[in-house]
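The values are calculated or read from the model by the stated rules, or taken from the named source; none is laboratory data. Here the structure is a predicted model, which means the values were calculated and not measured. Backbone-built Cβ (ideal geometry, glycine too); neighbour counts: all protein chains shown.
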């Protein structure tokens, strides 16, 4: 369990992180969302014991990041946004070097398992500089895994990757979550985060504006369903019909398109559509406009930086 309570970091008069709190359990994949300068990297570096908090606490399985930094480092894997790889070193040698630092026993066995997990077995004897950008990202993640950490801190891991490499990395991170690791991943690619993160946090100017499971955070900005409707011909009969229904509220109307807010569930949506058709409303399309993380981010943030 990761417990973060009132974590704060100041530099003189400047406050980079303003007393944020959240908790994560094994298997959680936490999407940490914010603009450049919002405080994501500062928070991650405090959790990685690379920066000491000004105040507040963070504990991993009861171990404090300030009081026991060396113990924390044995329990985490940290992948920064700009990572270093060594030229003229083979893939297995690179992993063996880090495994030896952590005192990993049966290093050959562990390295083979990590290479298989990250789909790099075929590149075991390749030189690091010969790998593609996507493979280098996976190698850096493999390096974070050799000591079997409890917590993974991934700062913009998909930066600079092509769509296929991003998809492969996303599936790998999802698999690590299924293995019971706690994962914090910062990213600007919001639609992808909602595909595999089960919780998110939105930070701006060091303040955590929202935290929770993805569905709850999305509902926080749109508690009712929004349905977009396109009709054939004059939209006025449709507007009058939907305005008269007890569970609906008429929204925008433009041309032959209108929007309604609806409080019911999916089965009630079906009944509403059947009733509209029975009342000779000529509907061409009837679709729920679901909010997503981009909508939440744009709603909650102002674009301001510290």
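Only one of 292, 228 is modelled with pLDDT of 85 or more, under 33 Å from the mean Cα position of the chain (by Cα) and closer than 30 Å to residue 34 by Cα; which?
228
Do you know which residues across the stretch 252-306 are exposed (fewer than 14 other Cβ atoms within 10 Å of the Cβ), part of a strand (DSSP E or B) and in contact with a strand residue (DSSP E or B) (Cβ under 6 Å, 6 or more places away or on another chain)?
252, 283, 284, 285, 287, 288
Which residues, taken from the stretch 63-82, are surrounded by 14 or more Cβ atoms within 10 Å (Cβ to Cβ), free of Cβ contacts under 8 Å to residues at least 12 places away in the same chain and outside any strand (DSSP E or B)?
68, 71
Which residue out of 158, 165 is out of contact with any strand residue (DSSP E or B) (no Cβ under 7 Å at 6 or more places or on another chain), assigned to a helix (DSSP H, G or I), in the same structural domain as residue 70 (by TED's automatic domain parsing) and farther than 22 Å from residue 58 by Cα?
165
Which one of these is surrounded by fewer than 21 Cβ atoms within 10 Å (Cβ to Cβ) and not in a helix (DSSP H, G or I): 233, 134? Spell out how you get there, then give the answer.
On the way: 134 fails: not in a helix (DSSP H, G or I).
The unique qualifying residue is 233.
Give me a count of the residues in the stretch 125-155 that are on the phi > 0 side of the Ramachandran plot and touching a strand residue (DSSP E or B) at 6+ places or on another chain (Cβ under 6 Å).
Residues in the stretch 125-155 being on the phi > 0 side of the Ramachandran plot and touching a strand residue (DSSP E or B) at 6+ places or on another chain (Cβ under 6 Å): 0 in total.
Return yes or no: is residue 31 in contact with a helix residue (DSSP H, G or I) (Cβ under 7 Å, 6 or more places away or on another chain), under 19 Å from residue 176 (Cβ atoms), assigned by TED's automatic domain parsing to the domain that holds residue 205 and part of a loop (DSSP other than H, G, I, E, B)?
no
If only one of 95, 60, 85 is buried (at least 17 other Cβ atoms within 10 Å of the Cβ), farther than 30 Å from residue 303 by Cα and out of contact with any strand residue (DSSP E or B) (no Cβ under 7 Å at 6 or more places or on another chain), which one is it?
The match here is 95.
Restricting to the stretch 150-170, give me the number of residues that are in contact with a helix residue (DSSP H, G or I) (Cβ under 8 Å, 6 or more places away or on another chain) and without any contact (Cβ under 8 Å) to a residue 60 or more places away in the chain. Show your work before the answer.
Going residue by residue through the stretch 150-170, those that are in contact with a helix residue (DSSP H, G or I) (Cβ under 8 Å, 6 or more places away or on another chain) are 150-155, 157-158, 160-162, 164-166, 168-170.
Remaining after also requiring without any contact (Cβ under 8 Å) to a residue 60 or more places away in the chain: 158, 160-162, 164-166, 168-170.
Residues that pass the stated criteria total 10.
Given the condition exposed (fewer than 14 other Cβ atoms within 10 Å of the Cβ) and assigned to a strand (DSSP E or B), answer yes or no: does some residue in the stretch 206-215 qualify? Break it down into steps so the answer makes sense when it comes.
Of the residues in the stretch 206-215, the ones exposed (fewer than 14 other Cβ atoms within 10 Å of the Cβ) are 213, 215.
Going one step further and asking which of them are assigned to a strand (DSSP E or B), we end up with 213.
Yes, the stretch 206-215 has at least one match.
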